[in-house]
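Everything below concerns the one structure shown next.
The values are calculated or read from the model by the stated rules, or taken from the named source; none is laboratory data. None of the values given here were measured: they were computed from a predicted structure. Cβ: placed from backbone, ideal geometry, glycine included. Neighbour counts: every protein chain shown. These area figures cover heavy atoms from the full protein model, side chains too; ligands, DNA and RNA do not enter into them. Shrake-Rupley method; radii C 1.70, N 1.55, O 1.52, S 1.80 Å.
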Amino acid sequence: MSDLLAALNALRERLTEVPQADERRLRELKTEILGRKAGALTHILAAVPSLEPKDRKAVGGVANALKRDFETAFAARERELKRASVAAGDLDLTMPGRAGWQGGLHLVTQVVDEICEIFRELGFTRAVGPEAESERNNFYALNFPHDHPALDAQDSFYVGDGVVLRTHTSPVQIRTLEAYPPPIRVVIPGQVYRRDPFDPSHSPVFEQIEGLVVDEGVTFVDLKAALTAFARRFFTSDTTVRFRPSYFPFTEPSAEMDVRCQICKGSGCPTCKQSGWMEILGSGMVHPAVLDNCGVDSERYTGYAFGMGPERIAMNRYGVSDIRLFWEDDVRFLSQFARPHR
Amino acid sequence: MIVSRRWLEALLGRSLVAREVAERLTMTCAAVEAVVPVHQDLGDVLVGQVLETKPHPNADRLTLCLVDAGGVGGPLEVVCGAPNVQAGRKYPFAPVGATLPGGVKLERRKIRGVESNGMLLSARELGLGPDHAGILELDTPAAPGTRFLDAVPVADDQLVLDVPANRPDLLCHKGVAREVAAVLGGTVKLPEIPGGKAVGRSGGPSDRPAVRQSDRGVVDGVEIRLEDPEGCPRYIAAVIRGVRVGKSPEWLAARLAAVGQRAINNVVDATNYVLFELNQPLHAFDLARLRGPAVVIRRAKSNEPITTLDGVARKLTAEMTAICDAERPTIVAGVMGSAESEVSEKTTDLVLECAYFQPTRIRRTRRALGLTSESSYRFERGIDLLGMPDAMRRAIDLIVAVAGGELREAPLDLWPKPEQSRSVFLRPARVSHLLGVEVPRGDIERVLSAIGFVAAPKDERLAVQVPGWRPDVTREADLIEEVARLRGYDVLPDDLRPYRPGTVPDAPALRARSRVRDQLVRAGMLEARTLPLGAPDGPDAVEIRNPLSAEHAHLRARLLPGLVRRVEYNWAGTVRDLRLFEVGTVFKRGKGAPEEWTSVAGVLTGAQRPLHWSAKVPDMDLWDLKYHFELAVQVASPGALVQPLPTGVGWQAVVGEQRVGWAGPLEADAPRWAGALFGFEVRLSEVAPARPAYRPLPATPSVVRDVALVLPGGVTAAAVGEALRRAGGTLLESLEVFDEYRGPKLKGGERGVAWRLTFRDPARTLREAEVDQVIMTALKALEEELDVRRRES
Ligand SMILES: [Zn+2]
């Protein structure tokens, strides 16, 4: 038994070798002392079970303590060696790092999400509706007169008798008004369709975001306030906006909102066709006929609605000159916007 | 609508600044899209008088002219090549240093040895017409040296007005002038007709004729029968005899040119003038070619033929209104006339039509015929039913002034069911209620009367009489808009006020879309958007009845085919590493409306990671596909199981019996250098995945054991894993496959698979022997159930 204790003491001496060992020597030491077959300490530990019970405890205690000390020393020396190798002078630290693929949302999705988030801050939730829609919801419940030139701007694809691919997200106004009681405060993002062939600024399919607010006492001032707040949050806090008359069958009065061109700041440039302004959205007070069509009392309730095109807004903000780039899915285009940037 | 600034000035009797007009109209009425200067590039041109001419010493065709251009240095010597130059006459003259249209600056130069101190100009050089045969003779009292633009008022601005579909009144200069007057001041008055003899002034036969509540009558020997009062509620006809059809006077041609219209002949030009001045389309036809002579306004017969003015033979339908003579149609009412009834050089007597056609009838007719004209555009939007007699009178005055002829009998005004002007009630309090600011009653009345409404108090309300040119105003809200826009939207405040939260919950469908997008973006995929229109991609594909093109005639039923096309597009750009996904709507044929739902799809090809110098990067393979598929299924269809396809290579996601997702290798038109292409598609469920439950972190150590097994053919890793889990019981915390071996060390059909098993008891430290015991049990079970044994190393 004392032999074993002596051997353990001798082994403990060797702990001092560890901090000086180089990589090769460290491997050898680990094998000599803790190796599974030939390790000196392993042998002693293996002999412990065959000792007298009282010796077993004494020797076992010392042996296990020494094993832990060696393990700690080996680990510490390994870390030291690894650090040293990294600090060595022949590393070229300009070599590129190891990367993973960067995923990212489509630019149009990012802009839609950003717009919806701003409106969420202004108290709006989001609503949706189907893309194949009845003519009634798409046109007539929205107060489009039958056989009226107002329909010309809404040239639609037909997919069934009286069923069109919605030409705007406005039919979701009807669905929302019919399904929920006021107060209503929603934005409605979604894909819409018009029979316009592709060109740099037109696409037969595009994204739209609609907004609808209906409650007692909602006024034109509230419309201006919410949309101005939106513009200042989306663009810059000092953005100038203007409201001017427009025509939509489902709003009265109707207004177009322009913001000062973000590129030329109003002095005129090709992007804003020298006007100094960018058309951002159409809006207006909900036409009483729309409320009546949905069974909402138009004497008691008033409201406002608006609609905007995220593609066009994205094109203005990011300087993308051709709407077709949004459909090409060239990864060299998509990756430009993949990095989180707001 | 092109609006001429000068025409507006003539109507308002005041001068206008085009930019200011554009700005005010945009802010109070309708957007002016552009202001185009016309002939303003002639500012350097002067009126020059030729005092003396003599032949050029070195050239037969050139003349030396002594020109008085008002300069202090006295007359200038100018070389001129025009054959029509004459001493004593005045011509446009450009002095040295003048900038000419096109931006050329005139320099002093020698022409055949003689210095020329300027240039006498032709109409073409001024941009005023095609004539280049000689210099432009000026018939002006202006003194030499007067600015050309002051002597000959051709400088103008065109305002391009974007007229909304509900504002037909803005399709003419009088209507626009009315709006300009309301915001900038002025009174609208029709300008005098140059050389007009005021035929239509009081006492003349063209003064307001009596309305006949009848559907027939005779005017100056021409029988008029209104047989379709539904399609044509009101019809006014006049006969003018003894006209001389010819060229229009300069002023009339210039007016039309200012709005981009070509002069045709004095009669047609006069009717066009009234169109652009008063928004009343008129039609003049040759009385000599009118059988009867009669004008019959009736429904066309089915398949009745007519050759319209554009030379196309067309067939009418019984839904259309035709203007006929005693035998056959001469005009498609409100749309276009026929060549044979048209006014020509030989015409001496004409019938002038001033009609109101029912807007929806016109719209259907022009759509059915695919034929749009200035007239149909206006009738479709609704002209001023009450202003027709004034327009007729104006037209007669004009025609008589520019083409001669006489009106022997007052026009015939057939209006079987005359209408009074409409009144709409307005509650002044409602204006404030809707606009959110106090609007005084006086303001309301002033604003409305400025644009021709007549407001009279009635109880607490205003009874507002709507002028005939505003068919769009039918209810209170319409009047409130008039008040709001003319006061200006910009005067309203824009302060946020408290609001009540809405009752509509945030849409679960959009939350589901966001979840799966975020999940796939985190996995390094780029979101794509593919066109939902394309070729049919399945037997249930929804067909578009009126597609833009044959290749875009169906709605997609799946996203993958579209994504594969985008991969090919990127390959064409020699991009090899692609990871695209899309979340989008797909459709299939349903009962009535198509069925639609949201789908999630992804495609993968190329390197697993971006290229790096430290190691070769392998291409993505089936196992990358399986990982991405499982990521998508976890959030897109919570609870769905991913399992191998019953046949073939790939996986499916199933909920119960229903397959909700698919993943596998894809076929594509791939270049040689492309990697293998994989894809998946899952139906998106709105159900959110279960909220993660917290499990206390382990406080006891684990025991890790690696077990290498030999699996006979047909035994799956899943089956072995299942057996291991069963045998491991609660102590087996996790198990992972970390190696597979196939090769000569094993018998044919066999493979080696190694698992790493982690055991733990949360309550106490496990003993090695316990773990050995569990593994022994597991191995025994594996051998008995699956013929799987431990692999000897
Ligand atoms: Zn600009």
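I'm checking my understanding of the structure. Among residues of the range B:607-630 that are within 14 Å of chain A (Cβ to nearest Cβ) and among the hydrophobic types (A, V, I, L, M, F, W, C), which one is surrounded by the most Cβ atoms within 10 Å (Cβ to Cβ)? Step by step, filter the range B:607-630, then rank; the result is B:Met620.
With A:Lys273, A:Lys265 as the choices, which residue is at the interface with chain B (Cβ under 9 Å from one of its Cβ atoms) and either basic (Lys, Arg) or within 13 Å of the ligand (Cβ to nearest atom) (or both)? The match here is A:Lys273. Inspect the range A:127-144 for any residue being β-branched (Val, Ile, Thr), within 11 Å of chain B (Cβ to nearest Cβ) and open to solvent by less than 10 Å² (accessible area, probe 1.4 Å) and give the result as yes or no. Looking through the range A:127-144, none of the residues is β-branched (Val, Ile, Thr), within 11 Å of chain B (Cβ to nearest Cβ) and open to solvent by less than 10 Å² (accessible area, probe 1.4 Å). Could you list, in sequence order, the residues of the range A:276-291 that are touching a residue at least 40 places away in the same chain (Cβ under 8 Å) and within 16 Å of the ligand (Cβ to nearest atom)? A:Ile280 - this is the single residue of the range A:276-291 that is touching a residue at least 40 places away in the same chain (Cβ under 8 Å) and within 16 Å of the ligand (Cβ to nearest atom). Just one residue in the set A:Phe157, A:Phe243, A:Phe220 is facing chain B (nearest Cβ under 9 Å) and closer than 23 Å to B:Arg556 by Cβ; that residue is A:Phe157. A:Pro197 meets each of the listed conditions (1) more than 16 Å from the ligand (Cβ to nearest atom); (2) surrounded by fewer than 17 Cβ atoms within 10 Å (Cβ to Cβ); (3) more than 8 Å from chain B (Cβ to nearest Cβ) apart from (3). The residues in the range A:299-320 that are closer than 19 Å to A:Gly211 by Cβ and more than 16 Å from the ligand (Cβ to nearest atom) can be counted, and the count is 12.
For the range B:514-535, enumerate the residues that are assigned to a helix (DSSP H, G or I) and more than 8 Å from chain A (Cβ to nearest Cβ). Residues satisfying the conditions are B:Arg515, B:Val516, B:Asp518, B:Gln519. Can you pull out every residue in the range B:251-272 that is more than 29 Å from the chain's Cα centre (by Cα), part of a helix (DSSP H, G or I) and not small (Gly, Ala, Ser)? If the condition is that a residue be more than 29 Å from the chain's Cα centre (by Cα), part of a helix (DSSP H, G or I) and not small (Gly, Ala, Ser), then B:Trp251, B:Leu252, B:Arg255, B:Asn266, B:Val267, B:Val268, B:Asp269, B:Thr271 are the ones that fit. The single condition among (1) among the small types (Gly, Ala, Ser); (2) crowded, with 19+ Cβ neighbours inside 10 Å; (3) under 25 Å from the mean Cα position of the chain (by Cα); (4) more than 30 Å from B:Pro532 (Cα to Cα) that A:Ser237 does not satisfy is (2).
For the residues A:Phe337, A:Phe230, the requirement of being surrounded by 19 or more Cβ atoms within 10 Å (Cβ to Cβ), in contact (Cβ under 8 Å) with a residue 12 or more places away in the chain and over 30 Å from B:Thr574 (Cα atoms) singles out A:Phe230.
Quick one: is A:Asp330 open to solvent by 10 Å² or more (accessible area, probe 1.4 Å), away from chain B (no Cβ under 11 Å) and within 32 Å of the chain's Cα centre (by Cα)? The answer is no for A:Asp330.
For the range B:486-499, the set of residues classified as within 7 Å of another protein chain (Cβ to nearest Cβ), surrounded by 15 or more Cβ atoms within 10 Å (Cβ to Cβ) and part of a loop (DSSP other than H, G, I, E, B) consists of B:Leu492, B:Asp494, B:Tyr499, listed by residue number. Within the range B:449-485, being surrounded by fewer than 16 Cβ atoms within 10 Å (Cβ to Cβ), of a type in the set (Lys, Arg) and part of a strand (DSSP E or B) holds for one residue alone: B:Lys458. Here is the figure for the range A:150-167: residues that are open to solvent by less than 20 Å² (accessible area, probe 1.4 Å) and closer than 15 Å to A:Tyr247 by Cα total 1. For the range B:733-761, give me each residue that is open to solvent by 50 Å² or more (accessible area, probe 1.4 Å) and in contact with a helix residue (DSSP H, G or I) (Cβ under 9 Å, 6 or more places away or on another chain). Matches in the range B:733-761: B:Val737, B:Glu740.
Of all the numbered requirements in (1) in the same structural domain as A:Pro253 (by TED's automatic domain parsing); (2) in contact (Cβ under 8 Å) with a residue 24 or more places away in the chain, A:Arg342 misses one, and that requirement is (1).
Restricted to the range A:250-262, and to residues that are of a type outside the set (S, T, N, Q) and open to solvent by less than 10 Å² (accessible area, probe 1.4 Å), which residue is farthest from the other protein chains (Cβ to nearest Cβ)? So the residue we want is A:Cys261. Quick one: in the range B:59-78, which of the residues that are under 20 Å from B:Ala142 (Cα atoms) and aliphatic (A, V, I, L, M) is surrounded by the most Cβ atoms within 10 Å (Cβ to Cβ)? Among residues in the range B:59-78 that are under 20 Å from B:Ala142 (Cα atoms) and aliphatic (A, V, I, L, M), the one surrounded by the most Cβ atoms within 10 Å (Cβ to Cβ) is B:Val67. For A:Gly190, indicate whether it is more than 26 Å from B:Leu161 (Cβ to Cβ), open to solvent by less than 20 Å² (accessible area, probe 1.4 Å) and either more than 16 Å from the ligand (Cβ to nearest atom) or aliphatic (A, V, I, L, M) (or both). Answer is yes for this residue. Scanning for something touching a residue at least 60 places away in the same chain (Cβ under 8 Å) and outside any loop (DSSP other than H, G, I, E, B), does the range B:127-136 turn up at least one residue? Within the range B:127-136 (the criterion being touching a residue at least 60 places away in the same chain (Cβ under 8 Å) and outside any loop (DSSP other than H, G, I, E, B)), the answer is no, since none of the residues qualifies. For the range B:429-448, residues that are in a helix (DSSP H, G or I) and within 11 Å of another protein chain (Cβ to nearest Cβ) total 6.
Residue-wise test of (1) within 30 Å of the chain's Cα centre (by Cα); (2) of a type outside the set (A, V, I, L, M); (3) surrounded by fewer than 21 Cβ atoms within 10 Å (Cβ to Cβ).
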{"position": "B:Gly118", "(1), (2), (3)": "no, yes, no"}
{"position": "B:Glu137", "(1), (2), (3)": "no, yes, yes"}
{"position": "B:Val154", "(1), (2), (3)": "no, no, yes"}
{"position": "B:Asp169", "(1), (2), (3)": "yes, yes, no"}
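A count restricted to the range A:225-262 and to residues that are touching a helix residue (DSSP H, G or I) at 6+ places or on another chain (Cβ under 6 Å), in a loop (DSSP other than H, G, I, E, B) and within 15 Å of the ligand (Cβ to nearest atom) stands at 2. Suppose the filter is buried (at least 19 other Cβ atoms within 10 Å of the Cβ) and under 32 Å from the mean Cα position of the chain (by Cα); does B:Val332 pass it? Yes; evaluated as a whole, the condition is true for this residue.
Per the conditions (1) of a type outside the set (Ser, Thr, Tyr); (2) open to solvent by 10 Å² or more (accessible area, probe 1.4 Å); (3) closer than 30 Å to B:Val163 by Cα, the sole criterion not satisfied by B:Asp215 is (3).
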